[in-house]
Every structure is written in C-alpha cells, then in structure tokens.
1. Please tell me the relative contact order of segment 84-133 in percent, rounded to the nearest whole number, where contacts are Cα pairs under 8 Å and at least six residues apart.
2. Does segment 76-133 come out rounded, prolate or oblate by the C-alpha gyration tensor, with a ≥ b ≥ c the root eigenvalues, rounded set by a/c under 1.5 and, if not, prolate when a/b is larger than b/c and oblate if not?
3. Quickly rank 113-126, 43-56, 78-91 as a protection proxy: mean count of other C-beta atoms within 10 Å, highest first.
C-alpha cells in the first residue's frame with residue numbers, strides 16, 4: 001500500500017521518526033476491508049486503520065501531530081471533509097509519560113483506490129491518488 005510508505009518517508013524527511021526520537025517505530029494495519037468500485041471489476045479500494053506505535057517518543061509531540069494532519073490534508077482529504085469523518089480520521093493514545101518521553105499510538109483512517117490494467121498480457125495495479133479522485137468525476141473510475 002503506497003500511502004503507508006509515503007507517510008513513513010514524509011515523517012522521516014521531517015526528522016520526526018528516527019532512532020533519537022523513538023526506541024521503536026511500528027506500523028500496523030487493522031480492520032482492513034476491500035471494496036470493489038469499478039463497473040468492470042478492475043478496480044477496488046482498501047479501507048483500513050493504520051496504527052503507528054512509537055515507544056519512547058519525545059514528549060510533547062506537537063510537531064508530529066501537525067505533520068500528520070498536514071499529510072492527511074494532502075493525501076487523505078476526504079477523511080477531513082466533514083466534522084463527523086474528521087473526528088474519526090486521527091486518534092491517539094499516550095501511555096508511560098516520563099520526563100520527556102512517552103509511548104504514543106496514533107490511528108489513521110485511510111483508504112486507497114487501486115485500478116488494475118492489462119499491459120502486455122500482465123495485470124498491473126496503479127494507485128489512484130486522492131487529488132485525481134477529488135478533481136475528476138468519480139464516474140470516470142466506475143464509481
């Protein structure tokens with residue numbers, strides 16, 4: 001799933017995930033479902049919760065949260081459109097707060113559209129970005 005790697009790269013590039021800030025970084029997918037969306041059955045959408053466990057993370061973690069919100073606005077804008085979905089899009093839990101460290105868990109509601117195409121008798125899968133989806137009519141993709 002492309003979005004998970006994009007988020008990791010984004011957070012590493014901002015120096016928000018590294019050995020100095022957390023003793024352990026763990027990314028887990030929970031509650032995943034697959035939903036077909038194309039009329040010709042060549043497309044589907046993943047819906048899942050990405051759980052990020054960061055043990056021993058530097059406290060406070062405002063920079064991390066601000067960066068995650070920014071990433072979500074760019075990469076999962078549909079999750080932040082309404083107040084109801086916005087309240088479910090990003091959740092967090094904090095445990096073991098001591099000095100300047102804590103164990104932080106962040107849950108993100110994500111989805112990713114995948115379109116299958118036949119190229120040279122081989123099935124290839126392309127991720128459709130949310131920017132394309134929101135700028136073009138969904139009917140174009142069989143929705």
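1. After rounding, I find 25 percent.
2. Judged from the Cα gyration tensor, segment 76-133 comes out oblate (a/c at least 1.5, b/c at or above a/b).
3. Per-residue Cβ counts within 10 Å, averaged per peptide and sorted highest first, yield 43-56, 78-91, 113-126.
Bear in mind these aren't lab numbers, they're just calculated from the coordinates by the rules spelled out. Please read all numbers here as calculations on a predicted model, not as lab measurements. For neighbour counting, all protein chains shown are included, and Cβ atoms are generated from backbone atoms with ideal geometry for every residue, glycine included.
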